[in-house]
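Below is one structure, written out as structure tokens; the observations come after it.
The values are calculated or read from the model by the stated rules, or taken from the named source; none is laboratory data. Note that the coordinates shown come from a computational prediction; the quantities given were computed from them, not determined experimentally. So basically every Cβ, Gly included, is an ideal-geometry build from the backbone, and we count neighbours across all protein chains shown.
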Amino acid sequence: MKIALCQTNTIIGDLNYNKQKIIEGYKRGVKDGVDLVIFPELSLVGYPPLDLVEKAEFRDAVIKASNEIARQTGKTGLIFGAITEDDDKIGTDIHNSALLCCDGEIKFIQHKSLIPNYDVFDEMRYFDPAKEVFVYEFRDEKLGISICEDIWNDEDYWYRRRYVKDPVQNLIKKGATLLINISASPYSYGKREDRKQMLSTLTGKDKISLAYVCCAGAQTDLIFDGASMCFNSKGDLVCLGNVYTEEYFIFDTKKNYTPINTVEGTFEEEVLNALIFGLKEYCTKQGFKEVILGLSGGIDSAIVAYIAVKALGKENVYVVLLPSKYSSRESVTDSMKLIMNLGISYDKISIKSAVSSFFKSLYPVFKSVPADITEQNIQARIRGIYLMALSNQYGYLLLTTGNKSEMAVGYTTLYGDMSGGLGVIADVYKTDIYKLANYINREKEIIPSAILSKPPSAELKPGQTDQDTLPPYELLDRILRMYLEENKEYNEICDIIGNQKVVSEILKMVDQNEFKRYQAAPALRVSKKAFGYGRRFPIVQGWRKPINYKR
């Protein structure tokens, strides 16, 4: 069987746009003489549609569009993802479904069986699971059609499975001769290799070919890398779609292919490409042509500026230097060198007088209270006011420049450096920021070497460095990885680190700063556990005693 895989980039809720994508891809497949054209999960709707699903008007429009697509089909088969409904009066009555169309009709519908409810997934809020799976005979094959999560439960690959049922094995037991999986699987570093290994294990064990099609695009914080995969009955990966772009290619189940071994690049290459793609997608889909950010002379804002240039072009990136009386001369000169290297436009606005005016106005209220972090935060918030004013005036998207390490422990200022519409590097640890910078400079110096070599500092008081408040970033990030991504318990981390006091302080800082992260801009997700929708902890809680610090 010849199968055309259409790795599309959808716009959530834009049914006309997505419908046209499906019809165009189908017509291309017909022209190329394929037997079947397949599209990703919820390709008509966009993934994830979230509470749009709960609107009857939206669901009715999806049903109408699905029938319009079906009427465009002839003898060539078409499979795409959409929402369907039943009326059994149990649960939501709504399904995440794969629709098989040909000869002008919807011939077969397979609902998703495994409804994920972890990390960034909350599908149980919206969808009922399939009661049963069925094989559909088409041409000379018996198609076993599944949707995304359905294929992520193989007992021979996973040490611990999430679900009792395995719909794919049920399809094979029912005589499936070819597997089709339509997917919307969010990217994180390492996941593409995991997909390859898992799908290779499944197809090799059961001696069955598989066509797996995944969407490409970014939907707010979630990045979908594409990289659709086809496997032969030996478990060899034989076709691989491009990453971070739409793709169309044909998989012939009777053709002999050379196996593909490499599916993922280095950490630095992958994460940079994902962030560049994620930012470009956000701006395109939200209608932003230009971005703005505050350039501090530090490594974080330098990396964000570089990513912005790669995503949107240097002519669409505008940076502002906002020095205070504590800003070093080197911060300004380093920033200017980066600006010249990137070829971006800039302005320099001193905040000295604004800070002095604020302090003078507050003096009668503060009276004899000793100066503390409050005064430092005022500087950061004044910078936020300037940047937001420019964003409002000219329609720029303001990018935040905080990294994951800072977001984790609250080393950020609400309504200050946290002001903005998108957190470009908020899912990248500080130590990894340096890795990205060195990768960027691998051929020539783009990020000035002085930025890489100087101690990180917010420059909000004389001689300040990050390590006045935080442990060395190598130690901090090691603790954070164990706590946030590996889900290790307090005692486990203490045993590994060997410093109970440091571990206790860091974990308290993470827990007590949940309120800041609730108010943070969406963060482009590149790790297995990012802040935001996929990590939900209570703000008000008593699990660990609060630490004494100013908010």
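List of remarks:
- Strands (runs of 3 or more DSSP E) fully within the stretch 230-303 that include at least 2 residues being in contact with a helix residue (DSSP H, G or I) (Cβ under 6 Å, 6 or more places away or on another chain): 291-294.
- Screening the stretch 71-91 for residues that are surrounded by 15 or more Cβ atoms within 10 Å (Cβ to Cβ) and among the β-branched types (Val, Ile, Thr) and picking the one that is farthest from Arg59 (Cα to Cα) gives Thr76.
- Filtering the stretch 169-182 to residues that are polar (S, T, N, Q) and either surrounded by fewer than 24 Cβ atoms within 10 Å (Cβ to Cβ) or more than 23 Å from Thr253 (Cα to Cα) (or both) leaves Gln169, Asn170, Thr177.
- Residues within the stretch 155-182 that are touching an Asp or Glu at 6+ places or on another chain (Cβ under 7 Å) and part of a loop (DSSP other than H, G, I, E, B), tallied: 4
- Yes/no for Glu54 being more than 19 Å from Lys285 (Cα to Cα) and surrounded by fewer than 21 Cβ atoms within 10 Å (Cβ to Cβ): yes
- Test: residue in the stretch 83-96 that is small (Gly, Ala, Ser) and part of a helix (DSSP H, G or I): no
- Pairing each residue of the stretch 341-364 that is touching a residue at least 60 places away in the same chain (Cβ under 8 Å) with any residue that is in a helix (DSSP H, G or I), provided the two are 6+ apart or on different chains, yields C-beta distances under 8 Å for Leu342/Ala305; Leu342/Tyr306; Leu342/Val309; Leu342/Lys314.
- Hits in the stretch 356-384 - residues which are part of a helix (DSSP H, G or I) and more than 37 Å from the chain's Cα centre (by Cα): Ser356, Ser357, Phe358, Phe359, Lys360, Ser361, Leu362, Tyr363, Pro364, Val365, Phe366
- Qualifying residue in the stretch 114-132 (condition: on the phi > 0 side of the Ramachandran plot and either in a loop (DSSP other than H, G, I, E, B) or in the same structural domain as Asn181 (by TED's automatic domain parsing) (or both)): yes
- A residue that is within 27 Å of the chain's Cα centre (by Cα), outside any loop (DSSP other than H, G, I, E, B), farther than 23 Å from Ala530 by Cβ and touching a residue at least 12 places away in the same chain (Cβ under 8 Å) occurs nowhere in the stretch 426-433.
- Total residues in the stretch 24-58, condition more than 28 Å from the chain's Cα centre (by Cα) and either outside any strand (DSSP E or B) or not assigned by TED's automatic domain parsing to the domain that holds Pro186 (or both): 12
- Residue list for the stretch 133-146, filter: crowded, with 21+ Cβ neighbours inside 10 Å and either among the aromatic types (Phe, Trp, Tyr) or part of a loop (DSSP other than H, G, I, E, B) (or both): Val133
- Pairing each residue of the stretch 296-317 that is surrounded by 23 or more Cβ atoms within 10 Å (Cβ to Cβ) with any residue that is of a type in the set (D, E, K, R) and part of a helix (DSSP H, G or I), provided the two are 6+ apart or on different chains, yields C-beta distances under 7 Å for Gly297/Glu330; Gly297/Asp334.
- Pick from the stretch 151-168, criterion of a type outside the set (A, V, I, L, M) and loosely packed, with under 15 Cβ neighbours inside 10 Å, ranking: farthest from Gln197 (Cα to Cα): Arg162
- Residue check, Leu171 more than 26 Å from Asn9 (Cβ to Cβ), of a type in the set (A, V, I, L, M) and out of contact with any helix residue (DSSP H, G or I) (no Cβ under 8 Å at 6 or more places or on another chain): yes
- Unmet requirement for Lys21, which otherwise passes all of (1) more than 27 Å from the chain's Cα centre (by Cα); (2) in a helix (DSSP H, G or I); (3) under 28 Å from Asp221 (Cα atoms): (1)
- Any hit, the stretch 301-308, residues being modelled with pLDDT under 95, under 23 Å from Ser453 (Cβ atoms), out of contact with any Pro (no Cβ under 8 Å at 6 or more places or on another chain) and among the small types (Gly, Ala, Ser): no
- Counted as qualifying within the stretch 463-532 are the helices (runs of 4 or more DSSP H) with 3 or more residues that are more than 27 Å from Glu270 (Cβ to Cβ), namely 490-497, 500-512, 514-518.
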